[in-house]
Amino acid sequence: MRKFNIRARLLALSILLISTISSQAFAVEWRQDLPQAKLLGSGDLRWFGLHIYNAKLWSAASNFDAKSPFALELTYQRAISRERFVDTSIDEIKRLQGSSVSPELLQRWRKHMETAFTDVKHGEQLIGVNLPKIGCKFYSRDKLLAEINDPQFADAFFAIWFDPRSKDSNLRQQLIGAQP
């Protein structure tokens, strides 16, 4: 009986160790795109008091520069459907870009996002990596979701968080390391 308990504990410990190592390996897959990235800032998005997500900005640059590669990591605190995320993103892009973006271009960008994003649950992550003049990549915690070779889309998408006219200027300031 004692031998069985020791084996069961060793097996449980081995499984725990393997799952921990695996999750850490997946969680940093996006770092292959930004191997020198360090945390510039972080903050929470709240909407009418509800905690929507925690955001972190990673970059190799010591100061935020939208023309340098960076990663935006969102850790969701509640479930959000892909449809809602895409619709909200399109609305914000339209608000920020105005009439400079045609309906056809918006439709193409909508398709990019519908391909890249999934429904998210509490604790899940979406990491967007901006690669200036190339486009962007989107990762979940454990895999690459999409690679979009459209620099204009990448600029418009990340402007949602980093344009000075962003809806949540406090979050923007926290992310770029300029505490409000």
_Verdict on residue 150 being loosely packed, with under 15 Cβ neighbours inside 10 Å and acidic (Asp, Glu)_ = no
By my count, strands (runs of 3 or more DSSP E) wholly in the stretch 104-180 with at least 1 residues that are among the hydrophobic types (A, V, I, L, M, F, W, C) and touching a residue at least 60 places away in the same chain (Cβ under 8 Å) are 125-131, 144-148
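Residues in the stretch 133-143 that are surrounded by fewer than 21 Cβ atoms within 10 Å (Cβ to Cβ) and either farther than 18 Å from residue 73 by Cβ or modelled with pLDDT of 95 or more (or both): how many? Give the derivation first.
Of the residues in the stretch 133-143, the ones surrounded by fewer than 21 Cβ atoms within 10 Å (Cβ to Cβ) are 133-135, 140-143.
After this cut, where a residue has to be either farther than 18 Å from residue 73 by Cβ or modelled with pLDDT of 95 or more (or both) as well, the list is 133-135.
Residues that pass the stated criteria total 3.
Residue 99: part of a helix (DSSP H, G or I), within 15 Å of residue 123 (Cα to Cα) and modelled with pLDDT under 95, yes or no? Quick ask: steps written out before the conclusion?
Values: part of a helix (DSSP H, G or I): yes; within 15 Å of residue 123 (Cα to Cα): no; modelled with pLDDT under 95: yes.
So residue 99 fails the test.
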Of the candidates 93, 134, 148, the one satisfying the condition of being hydrophobic (A, V, I, L, M, F, W, C) and in contact with a Lys or Arg (Cβ under 8 Å, 6 or more places away or on another chain) is 148
Condition check for residue 66: in contact (Cβ under 8 Å) with a residue 12 or more places away in the chain, assigned to a loop (DSSP other than H, G, I, E, B) and closer than 19 Å to residue 172 by Cβ:
yes
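So, residue 88, is that one at pLDDT 80 or above and touching a Lys or Arg at 6+ places or on another chain (Cβ under 9 Å) or not?
Values: at pLDDT 80 or above: yes; touching a Lys or Arg at 6+ places or on another chain (Cβ under 9 Å): no.
The answer is no for residue 88.
Rundown of residues vs (1) modelled with pLDDT under 90; (2) at positive phi; (3) touching a strand residue (DSSP E or B) at 6+ places or on another chain (Cβ under 7 Å), yes/no style:
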site: 16; (1), (2), (3): yes, no, no
site: 25; (1), (2), (3): yes, no, no
site: 39; (1), (2), (3): no, no, yes
site: 45; (1), (2), (3): yes, no, yes
site: 50; (1), (2), (3): yes, no, no
site: 62; (1), (2), (3): yes, no, no
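The values are calculated or read from the model by the stated rules, or taken from the named source; none is laboratory data. As the structure is a computational prediction, the values presented were derived from the model and not from experiment. For neighbour counting, all protein chains shown are included, and Cβ atoms are generated from backbone atoms with ideal geometry for every residue, glycine included.
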